[in-house]
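Everything on this sheet refers to the single structure shown next.
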Amino acid sequence: MSALSTDIRTLDPELVLAKLKIELPASVPPAGNYARARSTENVLYLAGHLPDSAGVPQFMGKLGREVSVEDGYRAARVAMINSLGTIKANIGNLNRVKRFIKLLGMVNCVADFVQQPEVINGASDLLDEVFGRDVALHARSAVGMHSLPRGNCVEIETILEFE
């Protein structure tokens with residue numbers, strides 16, 4: 001990838017979301033003594049985001065038991081949509097996102113479940129679709145967890161650079 005290609009934005013994420021009929025939620029207040037996001041200079045760090053709708057869990061249970069890989073993928077996508085709502089609330093416009101740096105995907109799963117990457121692709125694929133590869137491509141970890149808050153099946157943390 002050339003240095004030039006990382007500076008060229010080919011998609012307007014706000015227009016892509018409108019075409020996809022995705023409405024970003026307002027950032028939900030934190031459930032504890034922490035901030036939903038913090039920035040330093042031009043880097044935004046997001047706290048974990050769940051696939052909740054207005055704070056109500058939608059995808060509950062463990063992958064490999066109650067939740068299928070396909071539903072886990074959808075849950076990761078919803079968690080990323082929620083993250084985008086927080087990003088927009090913090091930087092004003094998604095066109096200010098320069099690049100995603102890191103994504104941590106946590107999967108609530110049974111001990112022998114090994115498809116965490118396939119589940120977290122739901123979040124990564126959405127970023128690719130909305131922002132394009134040059135902006136969306138990120139380092140990533142997809143890890144299994146014994147449990148997640150309120151029984152949700154996934155949680156996503158994101159770090160990004162903005163202008």
Do we find a residue being in contact with a Phe, Trp or Tyr (Cβ under 8 Å, 6 or more places away or on another chain), charged (D, E, K, R), assigned to a helix (DSSP H, G or I) and farther than 15 Å from T158 by Cβ anywhere in the stretch 120-143?
no
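Please work out if R65 is outside any helix (DSSP H, G or I) and more than 14 Å from P149 (Cβ to Cβ). Before you say what the answer is, go through the steps one by one.
Values: outside any helix (DSSP H, G or I): yes; more than 14 Å from P149 (Cβ to Cβ): yes.
Here the answer is yes, as R65 does meet what is asked.
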Evaluation of H138 against (1) in contact with an Asp or Glu (Cβ under 8 Å, 6 or more places away or on another chain); (2) buried (at least 17 other Cβ atoms within 10 Å of the Cβ); (3) not acidic (D, E) (one fails), failing number
(1)
Among (1) surrounded by fewer than 18 Cβ atoms within 10 Å (Cβ to Cβ); (2) of a type outside the set (D, E, K, R); (3) in contact with an Asp or Glu (Cβ under 6 Å, 6 or more places away or on another chain), where does S68 come up short?
(3)
Looking at the stretch 88-112 only, could you name the residues that are under 17 Å from P51 (Cβ atoms) and not small (G, A, S)?
L103, L104, M106, V107, N108, C109
Select from the stretch 84-126 the residues that are basic (K, R) and surrounded by fewer than 20 Cβ atoms within 10 Å (Cβ to Cβ) and list them in ascending order.
R96, K98, R99, K102
Options I81, I159: the member that is β-branched (V, I, T) and surrounded by fewer than 19 Cβ atoms within 10 Å (Cβ to Cβ):
I159
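Would you check if V28 is in contact (Cβ under 8 Å) with a residue 40 or more places away in the chain and under 23 Å from S147 (Cβ atoms)? Walk me through how you get there before you give the answer.
Details: in contact (Cβ under 8 Å) with a residue 40 or more places away in the chain: yes; under 23 Å from S147 (Cβ atoms): yes.
The answer is yes for V28.
Read the figures in this text as sums done on the coordinates, not as results from a lab. Note that the structure is predicted; figures quoted are calculated from it, not measured. Cβ coordinates were reconstructed from backbone atoms using ideal geometry, including for glycine residues, and neighbour counts include every protein chain displayed.
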